[in-house]
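The values are calculated or read from the model by the stated rules, or taken from the named source; none is laboratory data. Everything numeric in this text was worked out from a predicted model, so none of it was measured. For neighbour counting, all protein chains shown are included, and Cβ atoms are generated from backbone atoms with ideal geometry for every residue, glycine included. Please note that ligands, DNA and RNA were not included when accessible areas were found on the heavy atoms of the full protein model with its side chains. Shrake-Rupley method; radii C 1.70, N 1.55, O 1.52, S 1.80 Å.
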Protein chains: 2
Amino acid sequence: MTLIIDCHGHYTTAPEAHTAWREAQVAAYRSGQLTPAYPDISDDDIRDTIEKNQLKLLRERGADLTIFSPRASTMAPHVGDEAVSLEWARRCNDLIARVVGLYPQTFVGVCMLPQSPKADLAGSIAELERCVNELGFIGCNLNSDPGGGHFQHPPLTDRYWYPFYEKMVELDVPAMIHVSGSCNHALHATGAYYIAADTIAFMQLIEGDLFKDFPTLRLIIPHGGGAVPYHWGRYRGLADMLKKPALASHLMNNVFFDTCVYHQPGVDLLAKVIDSKNILFGSEMVGAVRGIDPETGFYFDDTKRYVDALDVPADQKHAIFEGNARRVFPRLDAILKAQGR
Amino acid sequence: MTLIIDCHGHYTTAPEAHTAWREAQVAAYRSGQLTPAYPDISDDDIRDTIEKNQLKLLRERGADLTIFSPRASTMAPHVGDEAVSLEWARRCNDLIARVVGLYPQTFVGVCMLPQSPKADLAGSIAELERCVNELGFIGCNLNSDPGGGHFQHPPLTDRYWYPFYEKMVELDVPAMIHVSGSCNHALHATGAYYIAADTIAFMQLIEGDLFKDFPTLRLIIPHGGGAVPYHWGRYRGLADMLKKPALASHLMNNVFFDTCVYHQPGVDLLAKVIDSKNILFGSEMVGAVRGIDPETGFYFDDTKRYVDALDVPADQKHAIFEGNARRVFPRLDAILKAQGR
């Protein structure tokens, strides 16, 4: 028996009042007014947005549990200042905690962070602690480019990030490296910016020696690792040219890819070139691509079908669906064990 | 009988005097001095750099002809101003013309352009005309991000680019969309910037309707199309969400990918999801990744081996190695026919 754990779900269907408050918050910041009061959102409001979307699709597609975080494209740390980001992150994370409270068997929380282009990571560290220790969250989404599409932040191997990594290690939580909406009109968010940022993140890790300093740090690169598995030979070759160890030891004890690749040949390639211990089932659902593939008649983002169809041994499939998520997210494993699962 | 045409080769081994002149040119620009005189480079200097590198590898690997352009990473349009770029582009293109003159059976020229972050495309149009009409070149490398790694240029569908496209159509030459070295320390050139830029370019094309305005324009996205084939489902789905036609008609009469993907599973995926009429054999040789793959014992960038091993019908393989290059580069076809090939 395998639990089907989707490691990558966002609350893209959050109640309208929450989204409207964000708009009012940003408008107030821009006009120098006080932030409006956060609205009352009832449990029924939340149930309504979850049951007809994520929960419905989970049941239809046969997944058991989603590692759930605020909508990625609206994290938008480039909007406003750090105080704006802090309040927005708290509201978003609190909303995730309410979803988890209503459906503790089906959702587990991952937090967004109050990053801001000019801020250090002190606020993010505090919010991570709050979310893990007070809200019971099991990980975080770390934005490698809080400027929103011009890649002006230090690479992930820079010491700028180290205080945050230290807190992650202390709390024993992983991060998914996930950028947000693009404020660069040359970069479409889900079609260009996300995939580029994923690829860039991996190359930054190749160039550095981050996991020498943090041997237990765990990072998930979403969207199937960007371009990386497709160009696996290039990355193995570049590591060699840069006199780095082979990727298996240099990065792949610490870096994981999800299965958010929306066609069978892509997931086949992922499973062929990347060790199954490094692959976590994910769908990014309800997310980037919501339509039905005319070639298959199924939703593009029904990635469980692609993983089900993989020609890999049962123990590897179990690892992709469940085992790796329990290992990468030890706090998830603890929650599931406490639930008798 | 199939000619093996490598659509993507750079003069990465240019004579030392040429490279030293570039350094002197940039130093002179920065210190406000006059540009030094361009050095004498003998035919033997050129033969020496070609015969022990590109020509040796072509022969060893069994290719017949390379579509050859100046080194991509040192085009560096973000260095200096437009006048600096113009002189550098002319010197580089003239050097390519000399290689072609020495080895007319083996090399055909493609030009770099004197782009500059703040310049319009008038200088690039003039240099393209010069290279095609006077030097016999058959195409160009067009840099979608001349700023060098922050993606601040208009998307490829913007009217900024239209005068250049008009000239391309008039001359009946294609462009390879190819960025240059990165001045962004977060983006490794060949491991992050190139692959990200390829992916971003394709998504820009999805969002626009460029080929409605230029139905005969032809663009090659190198490095196997960046992340695109691996995420082909995502791109098909995004085109659908954006209410665009299916990619086959929206883009794939005009967009082509090369085979610069440095392992067999990647090239297998490329050939599986992308119609063979859109794939051009390329190696990017001598280029980004120069080592030997310990898993195969062969050079990573010996991409002919991967294409040879493809399980596709002979007519499709002929198209990938020869037919598509003749179709995408009509001036190449004319040159080959004049040579009786």
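If only one of A:Ile50, A:Ile41 is crowded, with 21+ Cβ neighbours inside 10 Å, without any contact (Cβ under 8 Å) to a residue 60 or more places away in the chain and either out of contact with any strand residue (DSSP E or B) (no Cβ under 8 Å at 6 or more places or on another chain) or not charged (D, E, K, R) (or both), which one is it? After applying the criteria, what remains is A:Ile50. If you go through region B:28-37 and keep only what is open to solvent by less than 50 Å² (accessible area, probe 1.4 Å) and among the hydrophobic types (A, V, I, L, M, F, W, C), you end up with just B:Ala28. The single condition among (1) on the phi < 0 side of the Ramachandran plot; (2) more than 9 Å from chain B (Cβ to nearest Cβ) that A:Leu270 does not meet is (2). Here's a check for you: in region B:155-170, which residue that is within 9 Å of chain A (Cβ to nearest Cβ) and not aliphatic (A, V, I, L, M) is least open to solvent (accessible area, probe 1.4 Å)? The selected residue is B:Pro155.
Of the candidates B:Gly291, B:Gly287, B:Gly282, B:Gly297, the single residue that is under 16 Å from the mean Cα position of the chain (by Cα) and open to solvent by 10 Å² or more (accessible area, probe 1.4 Å) is B:Gly287. When each of A:Gln105, A:Gln152 is tested for being polar (S, T, N, Q), more than 14 Å from every other protein chain (Cβ to nearest Cβ) and more than 20 Å from A:Thr12 (Cβ to Cβ), the lone residue that passes is A:Gln105. If we scan region A:100-122, do we find a residue that is within 18 Å of the chain's Cα centre (by Cα), surrounded by 15 or more Cβ atoms within 10 Å (Cβ to Cβ) and on the phi > 0 side of the Ramachandran plot? No, that holds for no residue. In the condition set (1) open to solvent by 10 Å² or more (accessible area, probe 1.4 Å); (2) over 25 Å from B:Val261 (Cβ atoms), B:Arg218 is compliant with all but (2).
Does region A:297-304 include one or more residues that are in a loop (DSSP other than H, G, I, E, B), without any contact (Cβ under 8 Å) to a residue 12 or more places away in the chain and within 14 Å of chain B (Cβ to nearest Cβ)? Full working, then the answer.
Let us first name the residues in region A:297-304 that are in a loop (DSSP other than H, G, I, E, B), namely A:297-298, A:300-302.
Imposing the further condition that a residue be without any contact (Cβ under 8 Å) to a residue 12 or more places away in the chain reduces the set to A:297-298.
Applying the additional criterion that residues be within 14 Å of chain B (Cβ to nearest Cβ) yields A:297-298.
Among the residues of region A:297-304, at least one is in a loop (DSSP other than H, G, I, E, B), without any contact (Cβ under 8 Å) to a residue 12 or more places away in the chain and within 14 Å of chain B (Cβ to nearest Cβ), which makes the answer yes.
Which condition from (1) aliphatic (A, V, I, L, M); (2) touching a residue at least 40 places away in the same chain (Cβ under 8 Å); (3) over 25 Å from A:Asp301 (Cβ atoms) is the one that A:Ala119 breaks? Every condition holds for A:Ala119 apart from (2). Go through region B:63-93 and count every residue that is of a type outside the set (Ser, Thr, Tyr), in a helix (DSSP H, G or I) and either over 29 Å from B:Ile320 (Cβ atoms) or touching a helix residue (DSSP H, G or I) at 6+ places or on another chain (Cβ under 6 Å) (or both). So the count comes out to 10.
The single residue among B:Ala126, B:Ala119, B:Ala97, B:Ala83 that is in contact with a strand residue (DSSP E or B) (Cβ under 9 Å, 6 or more places away or on another chain) and aliphatic (A, V, I, L, M) turns out to be B:Ala97. Scan region B:218-251 residue by residue and report those that are of a type in the set (Val, Ile, Thr) and within 11 Å of chain A (Cβ to nearest Cβ). Scanning region B:218-251 gives a single hit, B:Val228.
Have a look at B:Lys304, B:Lys277, B:Lys272 and point out the one that is at pLDDT 95 or above, basic (Lys, Arg) and in contact with a Ser or Thr (Cβ under 8 Å, 6 or more places away or on another chain).
Numbers: B:Lys277 fails: in contact with a Ser or Thr (Cβ under 8 Å, 6 or more places away or on another chain); B:Lys272 fails: in contact with a Ser or Thr (Cβ under 8 Å, 6 or more places away or on another chain).
Going through B:Lys304, B:Lys277, B:Lys272 in turn, just one is at pLDDT 95 or above, basic (Lys, Arg) and in contact with a Ser or Thr (Cβ under 8 Å, 6 or more places away or on another chain): B:Lys304.
Residue under question is A:Val328, and the condition is that it be at pLDDT 95 or above, β-branched (Val, Ile, Thr) and either out of contact with any Phe, Trp or Tyr (no Cβ under 8 Å at 6 or more places or on another chain) or open to solvent by 10 Å² or more (accessible area, probe 1.4 Å) (or both); does it hold?
Details: at pLDDT 95 or above: yes; β-branched (Val, Ile, Thr): yes; either out of contact with any Phe, Trp or Tyr (no Cβ under 8 Å at 6 or more places or on another chain) or open to solvent by 10 Å² or more (accessible area, probe 1.4 Å) (or both): no.
It is false that A:Val328 is at pLDDT 95 or above, β-branched (Val, Ile, Thr) and either out of contact with any Phe, Trp or Tyr (no Cβ under 8 Å at 6 or more places or on another chain) or open to solvent by 10 Å² or more (accessible area, probe 1.4 Å) (or both).
Could you identify the single residue in A:Ile50, A:Ile96, A:Ile46, A:Ile41 that is assigned to a helix (DSSP H, G or I) and over 20 Å from the mean Cα position of the chain (by Cα)? Exactly one of A:Ile50, A:Ile96, A:Ile46, A:Ile41 is assigned to a helix (DSSP H, G or I) and over 20 Å from the mean Cα position of the chain (by Cα), namely A:Ile46. Considering region B:1-27, the residues that are without any contact (Cβ under 8 Å) to a residue 24 or more places away in the chain and among the hydrophobic types (A, V, I, L, M, F, W, C) include one that is most open to solvent (accessible area, probe 1.4 Å), namely B:Met1.
Among the residues of region A:123-145, those identified as open to solvent by less than 10 Å² (accessible area, probe 1.4 Å) and part of a helix (DSSP H, G or I) are A:Ser124, A:Glu127, A:Leu128, A:Cys131, A:Val132.
Please give the number of the condition B:Lys56 fails out of (1) open to solvent by less than 10 Å² (accessible area, probe 1.4 Å); (2) over 29 Å from B:Ile125 (Cβ atoms); (3) not acidic (Asp, Glu). Against the list (1) open to solvent by less than 10 Å² (accessible area, probe 1.4 Å); (2) over 29 Å from B:Ile125 (Cβ atoms); (3) not acidic (Asp, Glu), B:Lys56 comes up short only on (1).
Each row is one residue, and each column tells you yes or no for (1) of a type in the set (A, V, I, L, M, F, W, C); (2) open to solvent by 50 Å² or more (accessible area, probe 1.4 Å).
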site	(1), (2)
B:Arg305	no, yes
B:Leu310	yes, no
B:Lys317	no, no
B:Glu322	no, no
B:Leu332	yes, no
B:Gly340	no, yes
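Annotation: of all residues in region A:171-216 being of a type in the set (Ser, Thr, Tyr) and part of a loop (DSSP other than H, G, I, E, B), the one that is nearest to the other protein chains (Cβ to nearest Cβ) is A:Ser182. Scanning region B:227-279 for residues that are more than 27 Å from B:Leu65 (Cβ to Cβ) and of a type in the set (Gly, Ala, Ser), we see that the one that is surrounded by the fewest Cβ atoms within 10 Å (Cβ to Cβ) is B:Ser249.
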